[in-house]
1. Give me the net charge for the shell around PRO884: Cβ to Cβ below 13 angstrom, other residues only, Lys and Arg +1, Asp and Glu -1.
2. By a straight-distance test (C-alpha under 26 Å), which lysines pair with LYS248 as possible cross-link partners, with residues fewer than eight away in the same chain excluded?
3. Give the dimensionless ratio obtained when the Cα radius of gyration of segment 94-171 is divided by 2.2 N^0.38 Å.
4. Which of the aspartates and glutamates could a cross-linker bridge to LYS623, judged by Cα under 20 Å and excluding same-chain residues fewer than eight apart?
5. Dipole size in debye (nearest 20) for segment 698-848 around its Cα centre, Lys and Arg Cβ +1, Asp and Glu Cβ -1?
6. Per residue, what accessible area does the chain have, given a 1.4 Å probe and all protein chains present, in Å²?
7. Using only the alpha carbon atoms of segment 1152-1214, find the Kirkwood hydrodynamic radius as the inverse mean reciprocal pair distance, in angstroms to one decimal.
8. If amide hydrogens are placed 1.01 Å from N in the peptide plane, which non-local residues have theirs closer than 5 Å to the one on TRP235?
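The values are calculated or read from the model by the stated rules, or taken from the named source; none is laboratory data. Because the structure is a prediction, the values reported are computed rather than measured. Please note: Cβ atoms are built from the backbone with ideal geometry, for glycine as well, and neighbour counts cover all protein chains shown. Surface accessibility is based on the protein's heavy atoms, side chains included, excluding ligands, DNA and RNA. Shrake-Rupley method; radii C 1.70, N 1.55, O 1.52, S 1.80 Å.
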Amino acid sequence: MARAERPPADWEAVQVLHRGRLGMHVPLRCYESVATALAPQPGDAPLPSTNVLSLSPARWMFAFAPSIERAPTPSEAHGGYDLRAALGTSWGTIDVPLSWQMASHGAPIYTNFVYPFNPTLAPADEATWDVRPLLPPECNSAGCYETTFELPARWAGRRIILHIGAVESAAHVWVDGSLVGYSTDSRLPAEFDVTALLSAGGERRNGGIRRTHTVSLRVYRLCAASYLEDQDHWWLSGIHRDVHLFAKRADAAIVDYAVNTELWWPEDGRAARGGGGAEAPPLPTAARIHVDVSLLGDALQPLPTGAAGGAASGADGGADGEYAIAYELHGPFLLGRPPPAPRASLVASGKCEVLRVSAAESASLAALATSEWRAHTLAAACGARAVVDARLSSPRLWSAEEPYLYRLVLSLRTRARPAEARDVEACWVGLKEVSVRAGRLELNRMAITLRGVNRHDHCPERGKAMDRALMLRDAVLIKRFNFNAVRTAHYPAATAWMDLCDAYGLYVVDEANIETHGFVMRGDGQCGFLARRPAWRAHFVARGARMVARDRNHACVLVWSLANEAGIGPNLAHEYAQLKAMDPSRPVQYEQCGALPYTDIICPMYPSAAKLRELGTARGQAKPWAHYPRPAVPAAELGVRPVVMCEYSHAMGNSNGNFAHFWRVVREVDCVQGGFVWDWCDQGLALRGEAAARAREGSRAWAYGGDFGEKLHDAQFNINGLVWPDRTPHPACWEVKRAQQPISFELAGWCWRLAAAPPAPPADAAGARGVMLLGDGRLILTSTLDFACVSAELVTIDVCVRLRGRAVDGTRSSLPVSRVPPHARAREPVTVSVELPLELAARALAVPGPKGASIHLDVTARLARDAPWAPAGHELAFAQFALPRAPCVRAPPAAPPAAPSPRAAGAGRVLISGGATSSVLRLHTVRGSVTIERATGMIVNVTDLAGRERLASPFALNFWRAPTDNDRGGVELHTRLLPYLPRTLALAVSVLPTLSHGVLAALGALSRVLPLSVNLGAQVSFATLWAREGWARLEPRDVTTRVEPQPDGSVSVHTSIGMVDGASGAPRVACRVRTLVSANGHAWLRVTCDVSSEVSSVPRVGLCLGVREAFGAAVSWLGRGPHENYDDRKEGAPIAQHALPAAEMHTPYIVPGENGLRSDVQWLALRNGAGSGLLLAGQPDMMASVSPFGQRELERATHDHELVPSGKLSVCLDHRHMGVGGDDSWSRTVLPNYWVPAGRYSWAVGVRTLEPGEDADEAAREVLLAAPRDAA
């Protein structure tokens, strides 16, 4: 039968959200006793229970059906699937949980927003979308799962529930071949009451029920609800979370309980963010815990209409058989601290009656419309309730900094047997109060800062199935990099993740499983097509309500989020109202409605730092911007709301520039309270087989969009995390950590003085101290913690002095730590005093170090004791101060020149060899020789006295870099989607890249005046603009060279070079290079360039060369490091003398591009194991990189693991290098401060060989002190 002629199947039907699925509730643990309920500690995995039967992790039977029509159906005759039936593929086994594509069944597909199965959103007929939207059969497939289990005999007579943690995208479920039901919503559990199927008929053993049973699932890759799950992640399928059965008493059992906490404050119990007057956060005098308990069972049927409410009758509870709920509250518990003694931990206890609901109330609940939140909760089906009202004094509150938890235990008792706990449930409770007041988000009456990151469920080997160990690794790393919050992008996370956030202290913005971004392809602009259609309203409400019903007891949940990128429309407004009715204790946010009434928090995506500052005002919030609508209510009436960026600083490849700019705004504007970086993890999948076998030694083969043969994909747009798929941190993590650190330092009043001259030591004295240089200043600490006080119990603070980047022995010391309240400055500064040998300081000061400073003071705050997420000594905050020069110190006299080499022709002079007809000049010095090519005037080699060459390729002018992902960011990203794009967007993609830079600049200016949704002028990538001007294909023209022996015995080679676009011949750079080779073995290249470009920034201005691998195994430098850093991302990289193996100077971003730069470098040394090598020094400081791969190889490669070392080390020495940007990755976001604009640039690089035993810094001092005057 043709699709249009038959009724829609369940997976095709918009109106079928589920069949037979139970309402949502909080996680049920089914403890055997109160004692077992009290056994777990915070953060523990659920303990085994005789009332829970786990069906995963395990191997299940599996068959893949490439089309649903070919998928078999379980039957009662076979007790499940007929495993002998042919499917075209044989039955095998598969891990559960696992995305089946990771077991080579079908292919993963990655798209950012386009629906890969229906990119054009056909059909145009809108009515079709309310009944059966298009799901092309060729795009849909099914996974057939089956497993067997033996039901415990003790479960006889119990109510048995099948729990499926998450299945994508939808599934039908059978037990013993009988259909149980159907479920959508792939990120929350589906539960089914299977009692009747497991107990009806069949074999009976020992008076119990049949012992061996089957569970069968048919999982669909796509369903109608897939249009709600377009979430910028891999389209993967299968059972993604745990599967288990649990048993509850049939007569009466606890099936849900909603915990609400209320704090009672003294009248003045408020604190202000940023104030310094409060000694500590406000503390409540008492707390109240209110628990609404829902019960279900045969003995708890609704009371007849008109009957008085009262105690319920039990089946075997004695004559009266009345039920009660006994409760115990134990605590407080803090992960990592010894738990309170069992007897001392009880802080509240009591009992409350179980009251049956009336038949009228039960009938009204059963008749609820699916657009009402109660219709999606299990509590609506319950026959009885109880209300716990517990109170305690002097409560310990929950926060991310001090995540104190209490253990709430509920047990069902009968009046006849009060000592018997018939059913036991328990959870962790965090006492907290969340509110929005005076334009600020407050927790426990303190305005807080959210140092957040977005996090997808992602495992490179298992797809969307994550085990607890990987979740724990995420939680620990997130905390170590100074994050305190996670947004569950873009769906509720697993309960195990929420448990970890409760225990380890991470705030959670819990987001409903809704995103319809792909509807921009209709020309919608705001992708709100489904949000405006009444037929889809139940989906919106169900997904929001189910999320709240499952997660509301978690202390970590700070804010509910309606959806992500689902446009605006009545369905979202209705969902907001329903969630507020369901849980009035928490704010609700939604990004795309801007400042419309259905968000309590302004939560923009990807503002610039300047825009973020503007959003910190009521006028700025009411102003239309990007796709955000203008509110109908005047700004003055709306008032200001908290601002928390739901996504910012797009971490795609070499990115996260400008990060510190955002945090300056956060610290300066009260209602701007942080944000969530996009995102945590590169979503690469592990390649296997031949692709993995071809990977370069030491590399990992990660796949992104298109690597599985997908016709439609968004390439590497999901490779945008702060950590690699295996959770190795990117270099940007240290920038993020530094910008977000909760403690900062200021240094004031530093001064130097000479110590009094010591008396002359006796003639036989040994080890007498010379004259000392004393320095001291005042260190002021500021805390931006929200709740914890800085104290000696929390941190240690130590200082250390560096001379020319090297730590000075004896200067490391610990400072006293005074108590500093949250959001306050220390009342008294701490005096820092250091003592340096005068001679050592004088030598260091003779040559200014990086950024003009030779002496630095490092200040480090470390954890004073072990935390659950980091050991004692973990760096929590860091500051480095450049200390002023000491006027009382005079530089020592310059060292005498080196003795002339016996091989030199004439003492103190450079010997020139190579006649007028030779292509090169060889200049011999006391250290060897320097070879210069006549045609270019560039150094082509440097040799030592033994004739060993250091260079593998000559020095060359360098203005190009292999484009980063951000460099490629522009409308060109959508070129592959051109056949599917709506007309306006297709026109922009086709036309904008062809416009001249002048026209684009005019469009940019126009965009700033008119209320356009984007800055049109910034939508063409740097890579396109650079390619247009030919910066990747520059060629030298009109080279002239002359050689001038100097009176001091040195030789100067003057070269004039014109660099032109090799395709058009257009002049781009006019260069003058003076190469000066001195008899002492130093060579200096003095370069002056006049750069011509219409683009706001060229990639770089500098030099490059190749060094032989035999002389470059180890790299050291004086500058920022040790990790990669750039001009707009270097605050997290201190100045020091750093050292790394050459291979580790390359940053293996999954998609290769420019990488590995180090900024503010004064010298760079490359050496072999014996110590021989090459020294390169810069005046002024340079930016340097060392890589086994050249820029061309990086540009051509599509995956890091495919790169093949070139056999040499490519060294780049940049005078200027454009920043990496990263406000987003689809427009030009590098700030003007970090551009390399057209103009004149002058700099110099010194070169000399290094021999075994030579100190690189001493050699660099020698080179810099002997630099020619015009090299400065």
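1. +2
2. LYS351
3. 1.62
4. Reachable aspartates and glutamates: GLU565, GLU591, ASP600, GLU614, GLU637, GLU647, ASP670.
5. 260 debye
6. Ligands and nucleic acids excluded, the result is 36 Å² per residue.
7. Over segment 1152-1214, the inverse of the mean reciprocal pair distance is 12.8 Å.
8. When sequence neighbours closer than 5 places are left aside, the close amide H contacts are ILE109, TYR110, THR111.
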